[in-house]
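The structure under discussion appears below in the form of structure tokens.
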Amino acid sequence: MNLKRKLEDSLPFYNSLVKPVHLFRAVVAGVKCKFPARGLKVIGVTGTNGKTSTCFYIWKMLNESHRKAGIMTTVAWGVKDLEPELNHMTTVDSRTLNERIRKIKEAGAEYLVLEVTSHAMEQFRTLGVPIEVAVFTNLTHEHLDYHKTMERYARAKAKLFRKAKFGVVNADDKWAQTFIKASQEYITYGIKNGKLRAKEVKLGVEGSKYTVYDMNRKEEMVKIQTRIPGEFNVYNSLAAVGVGRRLGLEEEEIKRGIEALEGVEGRMTRVDEGQAFTVIVDYAHTPDALEKVFKAMPEVKGRVIAVHGGAGRRDESTREERGRILGRNADVVVITEDDSRDEDPEEIAEDFVRGAEKAGKKLGKDLVVDLNREEAIRGAIRLAKRGDLVLILGKGHEKTILRKEGAEPFEDIKVVRKWLKKR
């Protein structure tokens, strides 16, 4: 791993250089496992944010309508009793991917809901996986350390749509046309635009209500009530409506399935141990995702206390911007560690501090740096008073933290519960 990182640092063309290696590994994995995805109807979901929740909406909808579906996401994989995803990867390597698909198929699944990244498309990880439906959620600044430009990032994700028989595209995203052009057939969705349109949207603390309209026929299709808050979950669930319609589900089956999803671990997860303030754990780690989390928050009587940090060996160009977003939206900002890997956590934190200070925060007053993530969470909980909102952002569902020494067990939700109970 250290050799790989040295090569990445010294060879700007490293990613292109190793593409044949990825292709070879993908071919070997597919042949060895006899291309297990054949015969499955695979729904591939891609985008910067919202992929995991969209996958779970689709998976829940299919199973609730008695169509046996497996799922593979950043959070978990399996068919019924899901296994947690311990790797810090969204789409796993081609060998693991094929082995898991084989297990899912052997368990009797007819469908597979697969979360697909731009890295996976560039590295041939889904080679031999036929895509029935491709879903595009949105595209915002991320992974430019790998792709270099937004155009390349978009093209990498659009490869999924060139493989697919049908595309479901977020028409409200400025990159929508890239995915529409890559689709053989498609349907669009959105709140402002799209053939499937969410209207009469009512956002609430416990979820959202909206009515789906078919804009081709200009008529009401179905009323939906999600159990997960945030406008972004209107989009995520609406994408699932598009998939359900393509797969021939009845409107009542679509409605029942979406409304059955109670939540996704580490995605707007409320942690309640009887305290007089609110604590939410979320995976948000991009500028767009952070903005959406703050926008989704209910009106807070007290202060907003946000804990966040940046991962090492990941797009460092967003760090200062994320610091600014935290500084603008939170009353108290706590900068801490994330998966620092072999980067210096202090240097990572400096970028966040710079951004928060530009937003008006002052070290020692309403800006704190604590590079021990557990202590940072503990400090935020001790600081919270009645009516406050504490946001623990960046790692969500993850079960380990990656430091220079390697992976160590760490779960934000468990740490929060621990200190809430002690308090």
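For every residue, the table says whether it meets (1) surrounded by 14 or more Cβ atoms within 10 Å (Cβ to Cβ); (2) closer than 13 Å to residue 54 by Cα.
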{"site": "208", "(1), (2)": "yes, no"}
{"site": "211", "(1), (2)": "yes, no"}
{"site": "215", "(1), (2)": "yes, no"}
{"site": "220", "(1), (2)": "no, no"}
{"site": "229", "(1), (2)": "yes, no"}
{"site": "236", "(1), (2)": "yes, yes"}
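One line per residue, one yes/no per condition, for (1) in contact (Cβ under 8 Å) with a residue 24 or more places away in the chain; (2) over 21 Å from residue 319 (Cβ atoms); (3) assigned to a loop (DSSP other than H, G, I, E, B):
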position	(1), (2), (3)
354	yes, no, no
368	yes, no, no
376	yes, no, no
386	yes, yes, yes
395	yes, no, yes
398	yes, no, yes
402	yes, no, no
413	yes, yes, no
418	no, yes, no
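Against the conditions (1) assigned by TED's automatic domain parsing to the domain that holds residue 416; (2) under 27 Å from residue 132 (Cα atoms), residue 256 satisfies every one except (1). Figure legend. Inter-residue proximity from region 105-117: first residues of a type in the set (S, T, N, Q), second residues part of a loop (DSSP other than H, G, I, E, B), beta-carbon distance below 7 Å, spacing 6+ or different chains. Indicated pairs: 117/90; 117/91. When 331, 338, 342 are checked against the criterion of being touching a Lys or Arg at 6+ places or on another chain (Cβ under 9 Å), at pLDDT below 95 and either more than 22 Å from residue 265 (Cβ to Cβ) or surrounded by fewer than 16 Cβ atoms within 10 Å (Cβ to Cβ) (or both), 342 stands alone in meeting it. Is it true that residue 271 is touching a strand residue (DSSP E or B) at 6+ places or on another chain (Cβ under 8 Å), farther than 11 Å from residue 61 by Cβ, of a type outside the set (Gly, Ala, Ser) and in contact (Cβ under 8 Å) with a residue 40 or more places away in the chain? Taking the combined requirement at face value, the residue satisfies it. Every condition in (1) buried (at least 23 other Cβ atoms within 10 Å of the Cβ); (2) out of contact with any Lys or Arg (no Cβ under 8 Å at 6 or more places or on another chain); (3) charged (D, E, K, R) holds for residue 115 except the one numbered (2). Filtering 349, 380 for residues that are assigned by TED's automatic domain parsing to the domain that holds residue 412, over 24 Å from the mean Cα position of the chain (by Cα), assigned to a helix (DSSP H, G or I) and surrounded by 17 or more Cβ atoms within 10 Å (Cβ to Cβ) leaves a single hit, 380.
Scanning region 94-102 turns up no residue that is among the acidic types (Asp, Glu) and not in a helix (DSSP H, G or I). Residues that are touching a strand residue (DSSP E or B) at 6+ places or on another chain (Cβ under 9 Å), in a helix (DSSP H, G or I) and surrounded by 16 or more Cβ atoms within 10 Å (Cβ to Cβ) do not occur anywhere in region 127-142. Given the criteria touching a Gly at 6+ places or on another chain (Cβ under 8 Å), under 19 Å from residue 266 (Cα atoms) and part of a loop (DSSP other than H, G, I, E, B), does residue 308 qualify? No, not satisfied. Within region 369-408, being among the acidic types (Asp, Glu) and modelled with pLDDT of 90 or more holds for 370, 374, 375, 388, 398, 408.
Among the conditions (1) farther than 24 Å from residue 119 by Cβ; (2) surrounded by 24 or more Cβ atoms within 10 Å (Cβ to Cβ); (3) touching a strand residue (DSSP E or B) at 6+ places or on another chain (Cβ under 9 Å), residue 310 misses just one, which is (1). Residue-level check: of (1) aliphatic (A, V, I, L, M); (2) more than 17 Å from the chain's Cα centre (by Cα); (3) at pLDDT below 95; (4) surrounded by fewer than 23 Cβ atoms within 10 Å (Cβ to Cβ), residue 97 misses just (4). Can you tell me which residues in region 44-68 are small (Gly, Ala, Ser) and surrounded by fewer than 24 Cβ atoms within 10 Å (Cβ to Cβ)? Across region 44-68, the qualifying residue is only 65.
The values are calculated or read from the model by the stated rules, or taken from the named source; none is laboratory data. This one's a predicted model, so the numbers in the text were calculated from it and none came from an experiment. Please note: Cβ atoms are built from the backbone with ideal geometry, for glycine as well, and neighbour counts cover all protein chains shown.
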